[in-house]
Amino acid sequence: MNKRNLPPIPPEIEALVPYKPGKPIEELERELGISGAIKLASNENPLGPSPKAVAAMARALDGLHRYPDGAGFELRQALAKRYELAQEQIVLGNGSNEIIELLCRAFLRPGDLALAAAPSFLMYSKLVQVAGGRLKEVPLNDFRLDLKALARAIEPRTRLVFVNNPDNPAGTAFSGEEFREFLGQVPPGVVVVLDEAYIDFASDPQVAQGTDFLDHAVPVVVMRTFSKAYGLAGLRVGFGLGPVEIMDILHRVRQPFNTSILAQAAGAAALADEEFLQKTLQVTWQGLKDFYACFERLGLVYVPSQTNFVLVKIGPKASHVADELLKRGVIVRKMASYGLPEHLRISVGLPQENRRFMDELSAILGEG
Ligand SMILES: Cc1ncc(COP(=O)(O)O)c(C=O)c1O
């Protein structure tokens, strides 16, 4: 095909760099001709999916010849009850990633600005770029979101401010008090997007809870997901909570059936699976403790985490160490694409997976 026959590709689209997800286990095993590899790279739930969600999906299978309920009544009802909100304050998404996309589609026009920390979740910049907007970035301060600097960085064309709490990739979190102070400095005309993908893992009771801020004069959209604590990353289901006026707009720009029958059934069931959530939290918090102890033994500096992963400073050899781990069947996340080439990000796995990672890491560092 002659490229000249194509319609013009907008420069911001041509410039897009595809998101590079953590390496799938199957791919690594194929490449190395090994089996039994483990993945501690994508902040997934190592326990598997919520069993109640799996049972609900099995029950829903017989209805797959029908389109889903476009309004997602059952799941939105369950969420409304859980968070004491009206259904009109809730929008479902194909993962919380889709909520980011809907916000960009709805609120950004070419030349508009969005604001986020640097580094932060890579999808903010990509989806802002797709919408023709520009992402302005404010550096983290000692691995914490600098809310004061973010507020100062708001310009007249700023439409969206992404704040990720607890933060990926740093793992740190701000308090409700800090967030309230920040909101006090946000001018009219700006939507604050509070990405709480990891909020379920926060062990510190001071950590801000977005649901406390949905009545604030500043429009706040809280994004949450079933991908992490509920173990449903492969299903793609997340949701946004916010003012009715904003949710109404997001419903208009979304596809009519953006969450599947299975996603809706599983989400509602997972929300009620308190036993699974508690087990997940225990495994996560114990795993973090074990990692911290290991890093301290090895003299490595890490960032204490309110999430299910931890950022650790390996030094100039970080990329080499990650490659060595890979050869030994342990997948962790390199951080160069986040501007942290000396760090690695490790997701908490099952106890035996964590042990294997720690043993391999100790061996590799011991080998110099
Ligand atoms: C900060 C943050 N936000 C959002 C997401 C998207 O999650 P999902 O689309 O699976 O709900 C992730 C996933 O890794 C994340 O780290």
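Taken together, the values in this text are just the output of simple stated rules run on the coordinates, not laboratory data. Everything quoted here is computed from the prediction, not taken from an experiment. Neighbour counts run over all protein chains shown; Cβ positions are idealised from the backbone, glycine included.
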Take the Cα gyration tensor of the range 98-148, multiply each eigenvalue by 5, square-root it, and list the three semi-axes largest first, rounded to whole angstrom. 21, 11, 8
Inter-site label distance for residue 81 and residue 257 at 7 Å from Cα along Cβ, in nm: 2.6
Where in the chain are the DSSP H helices whose C-alpha atoms run 18 Å or more along the long axis and whose mean Kyte hydropathy is at least 1.6? none
Packing-ranked peptide list from 347-353, 180-186, 114-120, highest mean Cβ count within 10 angstrom first, is 114-120, 347-353, 180-186
Ranked packing of 208-214, 289-295, most packed first, by mean Cβ within 10 Å: 208-214, 289-295
Of 156, 199, 24, whose Cα points farthest to the positive end of the dipole of the chain (charges on the beta-carbon: +1 Lys, Arg; -1 Asp, Glu; origin at the Cα centre)? 24
Enter the Cα centre distance for the pair the range 51-100 and the range 329-368, rounded to the nearest angstrom. 35
When the chain is treated as a GNM, springs tying every alpha-carbon pair under 10 Å, which of 25, 346, 246 comes out with the largest mean-square fluctuation? 25
Stretched out fully, how many nm does the piece from residue 177 to residue 12 gain, at 0.36 nm a residue minus the Cα gap? 55.6 nm
With N set to the residue count of the chain, report its C-alpha Rg divided by 2.2 N^0.38 Å to two decimal places. 1.00
